[in-house]
Structures are given as C-alpha cells and as structure tokens.
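Read-outs: derived from the displayed coordinates by stated rules, not from any lab. What you are looking at is a predicted structure, and each value in this text was computed from that prediction instead of being measured. As a convention, Cβ positions derive from the backbone with ideal geometry for all residues, glycine included, and neighbour counts pool all protein chains shown.
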Amino acid sequence: MPRIRNILLDRDGTVILDKHYQHDPAELEFESGAVEGLARLAGAGMRFFVLTNQSGIGRGYFSEQAMDACTRRLDEMLAAHGVVVTDTIYCPHAPEDTCRCRKPDTGMWEVLRERHGLLPEECVMIGDKIADVHFGLRAGLAASVLVLTGKGEKQARKLGLPDFESCPASRWMDTGNVEGGWPNCVARDLEGAAQWILESLHEPEA
C-alpha cells in the first residue's frame, strides 16, 4: 500500500465552521475535532492542501482580497497548533458559470498536482459535502472521507449511507464500498478522519 503523504481538505464545514459566505478573518472558528485531527496527521508527517469552492466571489458578495485575508488568518490559526498548510487553492465561480475548477470537477487537483508533484495514490480528500467525495473519486485519489460536521450529516443521508450511530467504532465508519459515489469512510469529524487514515491507510516509513 502506498504511503499516504498528502491530505486535501475542504475548508468550510470541515476545518472551520461554515458561516454563510465567510469573508471576515476575525470570524473564523475551528470545527469540532479539526485541531486535534490535523495535529495528529501533522505528527505523522502529512502535508496539507486546502481546496475550497468560494462562489461568493463570483456572485459579488466578497472580493478575492477578502478571501486571501481569510486564508492568511487560517494559516496563522493552524500554525499555532503545529499544522502548516502547504497551499490553498479556491474556485471563485458561481455554480452556473462554466469552469473546470469547481468541485466535484478536478481542475483544482490538476493545478496542485502539477504545482507540487502530487501522486493520487498518496492523497486523501476530506470534506463535508458530496462534491468533495466525488472530487476525490474523479481524481483517482487513494480515498475520500465524508465528515459529519458542517453539512455532512445531511449529505450522508442524501447518499443513503448506513446509520453512523450503529457503527461500533466511535469516531469513524469504513463504508467498504465506493460504488454509487460513496466515500471510503464516514467520520464524525476531522479527528475521526485522522484516526481512520492512520489506522487503515497509512504505513509509516521504516
């Protein structure tokens, strides 16, 4: 099994609370389990990349400068916990625009792959939306994880995933099936996602 080296992260609802069209750096707040999970993955030597759809820019609700300010603030917040984001990339387009970068399309993956030499078999996508899961599947990544923070619970029901509460594991559930667009894993939060990755996918270097 290839070693997992890179974690691709959705932002709103996964790393930070999903506040409608978030554009004020002062209002950024971590999602439940985000700091704990990312710190565990950082301790295992993972690199982090944030990929986020930001249609508020295309709709005229906020500027790219505001988005960049939020990126800088989130980088600072994570760095305070020993988590370094290698790169953040975003799609500024509205859903009705014609683009290839809005998840689940893979334009952002193609940019990051070329920019950083990423290999799909060494990457895991984590997000709270079906678009994140399908992005990972389309890009051919090693795995996709749906977290139940943010919009995750509603998205899990929409996919018809098994009842998470019936799972014997306390923080994650391996779906065992990606047919029909399911994620490889459903996790309660980023801490649960980190636990699954480290226990089920990751092979430390000798």
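Neighbour counts of other Cβ atoms within 10 Å put PHE48, PHE30, PHE135 in the fewest-to-most order PHE30, PHE48, PHE135.
Taking 7 Å steps out from each Cα toward its Cβ at GLU96 and ARG59 produces label points 1.2 nm apart.
Rounded to the nearest 500 deg cm²/dmol, what is the calculated helix-only ellipticity per residue at 222 nm for the chain, with -39500 (n - 2.57) per DSSP H run of length n ≥ 4? Walk me through the numbers on the way to the answer.
On the way: 7 runs with 65 residues, N = 206.
Mean residue ellipticity at 222 nm (helix-derived): -9000 deg cm²/dmol.
Classification of region 1-148 by its C-alpha gyration tensor yields an oblate form. The axis ratio a/c (a ≥ b ≥ c) is 1.5 or more, and b/c is at least a/b. Ordering ARG171, ARG73, ARG188 from the fewest to the most neighbouring beta carbons within 10 Å gives ARG73, ARG171, ARG188.
Sequence gap at least 6, Cα distance under 8 Å: using those rules, report the relative contact order of the chain to the nearest whole percent.
Working: 395 pairs, mean separation 53.4, N = 206.
Result for the chain is 26 percent.
Remark: LYS158, LYS103 ranked as LYS158, LYS103, counting other beta-carbon atoms within 10 Å and listing the fewest first. For the chain, the Cβ-based charge dipole about the Cα centre amounts to some 280 debye (Lys, Arg positive; Asp, Glu negative; other atoms uncharged). Once you have a ≥ b ≥ c as the square roots of the Cα gyration tensor eigenvalues for region 80-206, tell me rounded if a/c is under 1.5, and otherwise prolate or oblate according to whether a/b is larger than b/c. Because a/c hits 1.5 or more and a/b fails to exceed b/c, region 80-206 counts as oblate.
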